[in-house]
Ligand SMILES: Nc1nc2c(c(=O)[nH]1)N[C@H]1C(S)=C(S)[C@@H](COP(=O)(O)O)O[C@H]1N2
Ligand SMILES: [Mo]
């Protein structure tokens, strides 16, 4: 087993969720928000680099932490993860966090369609009313051989499937990012297969680990992380976690992802983390831990095998690890 279950493993709380510190001082943040002190409340806090205080869902954060998912390493500070992103809609560089502030996250309507009882559209704030937010400490392993650990907030993808009411026997869930070149200059680069698309099997969508992320660091999600809603499947390479999702389609056709469309020889459908299976151009044996600078061995299933390995029994003929 690769994830060390060390209860109360002490993450420096001041790095994780500055809001917890805030509350520790005896100030109830929710009441402050109600009283109209939302603007600026976050920015008073040391290290709150990307306070999302103008967000209408701000009062839902911080959410209670789900203690099931324990890390074997420290959380990556917010100002590290928030300044080193992959969000090609804003260009191929890592430092797109300023450019990404052009993303307009309200109104934000998500279309649910395909093989469902009845297709529908739902605004992000209405969706948030129908789910129970929780915080989970998860690792993220990018296919580029770096990793970080983030206190995400969100809800199980299973809950999304339940709300969507897919027809019985549906095989895949396809996730599509917004398409708006005015808001995202990267989408003017026509050699990329816009919009960004990802997909998972229904079994993967129903797995406990699959997490629809709407926040991080005790706040609504910063734009550069894919606000207002993105996926994170921590046992897969980071690119499976489509950002800023606008359309969710239930289908029996295996979705072709953005990276697969771009370079199928290097990026496949499954993309499960495996240190023994190199990328076409580099090794996946180790990873650089962002913010720390050292390299550590990469773990099979990114350390989450106890939760996910069983799903792949009988699928050994598939290209499970690229
Ligand atoms: N829409 C969209 N989603 C995306 C990407 C992207 O370029 N566009 N990059 C992916 C990759 S390669 C990674 S590693 C993660 C990075 O998430 P983060 O920037 O929040 O750490 O987002 C994934 N989701
Ligand atoms: Mo990535």
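Where a number appears in this text, it was derived from the coordinates with a stated rule and is not lab data. What you see is a predicted model, and the numbers here were worked out from it, not measured in a lab. Please note: Cβ atoms are built from the backbone with ideal geometry, for glycine as well, and neighbour counts cover all protein chains shown.
How many residues are part of a strand (DSSP E or B), under 14 Å from the mean Cα position of the chain (by Cα) and either farther than 19 Å from residue 65 by Cα or more than 16 Å from ligand 2 (Cβ to nearest atom) (or both) when one looks only at the range 201-218?
Going through the range 201-218 one residue at a time, the tally reaches 5.
Go through the range 156-178 residue by residue and tally those that are surrounded by fewer than 21 Cβ atoms within 10 Å (Cβ to Cβ), within 20 Å of residue 68 (Cα to Cα) and in contact with a strand residue (DSSP E or B) (Cβ under 9 Å, 6 or more places away or on another chain).
Of the residues in that region, 1 qualify.
Among the residues that make up the range 176-196, is at least one of them in contact with a helix residue (DSSP H, G or I) (Cβ under 6 Å, 6 or more places away or on another chain), more than 16 Å from ligand 2 (Cβ to nearest atom) and within 23 Å of residue 132 (Cα to Cα)?
No, that holds for no residue.
Does residue 264 count as surrounded by fewer than 16 Cβ atoms within 10 Å (Cβ to Cβ), over 28 Å from residue 117 (Cα atoms), touching a helix residue (DSSP H, G or I) at 6+ places or on another chain (Cβ under 8 Å) and free of Cβ contacts under 8 Å to residues at least 40 places away in the same chain?
Criteria not met by residue 264.
Does residue 86 count as within 14 Å of ligand 1 (Cβ to nearest atom), without any contact (Cβ under 8 Å) to a residue 60 or more places away in the chain, surrounded by fewer than 20 Cβ atoms within 10 Å (Cβ to Cβ) and under 19 Å from the mean Cα position of the chain (by Cα)?
no
Which of the residues that make up the range 85-97 are within 13 Å of ligand 2 (Cβ to nearest atom) and out of contact with any helix residue (DSSP H, G or I) (no Cβ under 9 Å at 6 or more places or on another chain)?
94
Report the residue count in the range 123-145 for those that are touching a residue at least 40 places away in the same chain (Cβ under 8 Å) and in a strand (DSSP E or B).
Looking only at that region, the number is 8.
Can you tell me which residues in the range 235-257 are in contact (Cβ under 8 Å) with a residue 60 or more places away in the chain, out of contact with any helix residue (DSSP H, G or I) (no Cβ under 8 Å at 6 or more places or on another chain) and either more than 10 Å from ligand 1 (Cβ to nearest atom) or not in a loop (DSSP other than H, G, I, E, B) (or both)?
The answer is 237, 238, 245, 246, 247, 249, 251, 252, 253, 254, 255.
In the range 103-133, which residues are closer than 30 Å to residue 67 by Cβ, out of contact with any strand residue (DSSP E or B) (no Cβ under 7 Å at 6 or more places or on another chain) and surrounded by 18 or more Cβ atoms within 10 Å (Cβ to Cβ)?
Scanning the range 103-133 gives a single hit, 105.
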